Amino acid sequence: MTGKTVTRAQLGESVYQEVGLSRNESADLLETVLNHMGDALTAGETVKISSFGSFSVRQKGERVGRNPKTGEEVPILPRKVLVFRPSQVLKNRINEYRRPGDGA
Amino acid sequence: MTKSELIAKLANENPHLFQRDVERIVTTIFDEITNALAQGDRVELRGFGAFSIKERGSRVGRNPRTGEAVDVGEKFIPYFKTGKQLRERLNPTD
């Protein structure tokens, strides 16, 4: 565990090393992938990436919230939230390194 | 939209690329995110969102059929927090 933060730059670099494209084009393709996913989600579609997970949009109803500082009640308006459900493959990958020797 | 639909879309928009390369590009992106998380790293894609892992402490669970108590060891789960820009696109009036 290194605790680093991976950003677009590193992901773009991985794409660059994997396929014989320029760094620029690799970065553009990464951006295009994210944009297509965002477009589909904004249109209310679910995005399913096999062996990774699925992203879907859930509609939340209005509810009464509270300003934690003042205790004042404020309505929280209905809104859409994005939910990511990791696939079993991803969940297993994340736990396999972290529980060496643990059979569970 | 599925991964294969995403690949088909990219392949259409980039006729100069082989379909096989487009597939490798998309697969690489998600594999790299997975690898980073498996190492305990975060992945932050500003505007889109951030992937991180969260720890779920060990707990005593129950076998729902028998009611028997079983120890559930600690585990880690992937977590995604939607980026500000994408959140705003989902809720344009905010």
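Values quoted throughout were computed directly from the atomic coordinates according to the rules given, and no laboratory measurement underlies them. Computed from a prediction, not measured in an experiment: that's the story for all the values here. We place every Cβ from the backbone using ideal geometry, glycine too, and count neighbours over all the protein chains shown.
Computed FRET efficiency, Cβ-Cβ of residue A:62 and residue B:79, R0 30 Å: what is it to the nearest 0.05?
After rounding to 0.05, the efficiency reads 0.70.
Loop only by DSSP, 16 or fewer other Cβ within 10 Å of the Cβ. Give me the chymotrypsin sites (Phe, Trp or Tyr not before Pro) in region B:13-94 that pass, ordered by residue number.
B:18
222 nm [θ] for chain B, helices only, -39500 (n - 2.57) per DSSP H run of 4+, per residue, to 500?
Calculated at 222 nm, the ellipticity per residue is -12500 deg cm²/dmol.
Taking +1 at the Cβ of each Lys and Arg and -1 at the Cβ of each Asp and Glu, which of A:9, A:19, A:75 sits farthest along the dipole of chain A towards its positive end, judged by Cα position relative to the Cα centre?
A:75
Pull up the cross-link candidates among the lysines for residue B:9, meaning alpha carbon to alpha carbon under 21 Å and not fewer than 8 places away within one chain.
A:48
What is chain B's relative contact order, in percent, from Cα pairs under 8 angstrom and six or more apart in sequence?
20
Calculate the dipole size of the protein assembly as shown relative to its Cα centre from +1 charges on Lys and Arg beta carbons and -1 charges on Asp and Glu beta carbons; express the result in debye to the nearest 20.
So the magnitude is around 840 debye.
Quick check: the angle from helix A:23-42's long axis to the longest principal axis of chain A, C-alpha only, nearest 10 degrees?
Helix A:23-42 sits roughly 30 degrees off the main axis of chain A.
Longest span of chain B, sites excluded, free of trypsin sites (Lys or Arg not before Pro) in DSSP loop with at most 15 other C-beta atoms within 10 Å?
The segment B:1-45 is the longest one with no such site.
Any chance you could run the full-extension gain for residue B:63 through residue B:20? It's 0.36 nm times the residue separation minus the Cα-Cα distance, nm to one decimal.
10.9 nm
In chain A, once you exclude exposed GluC sites (Glu not before Pro) (DSSP loop, at most 11 other Cβ within 10 angstrom), what's the longest stretch remaining?
The answer is A:1-61.
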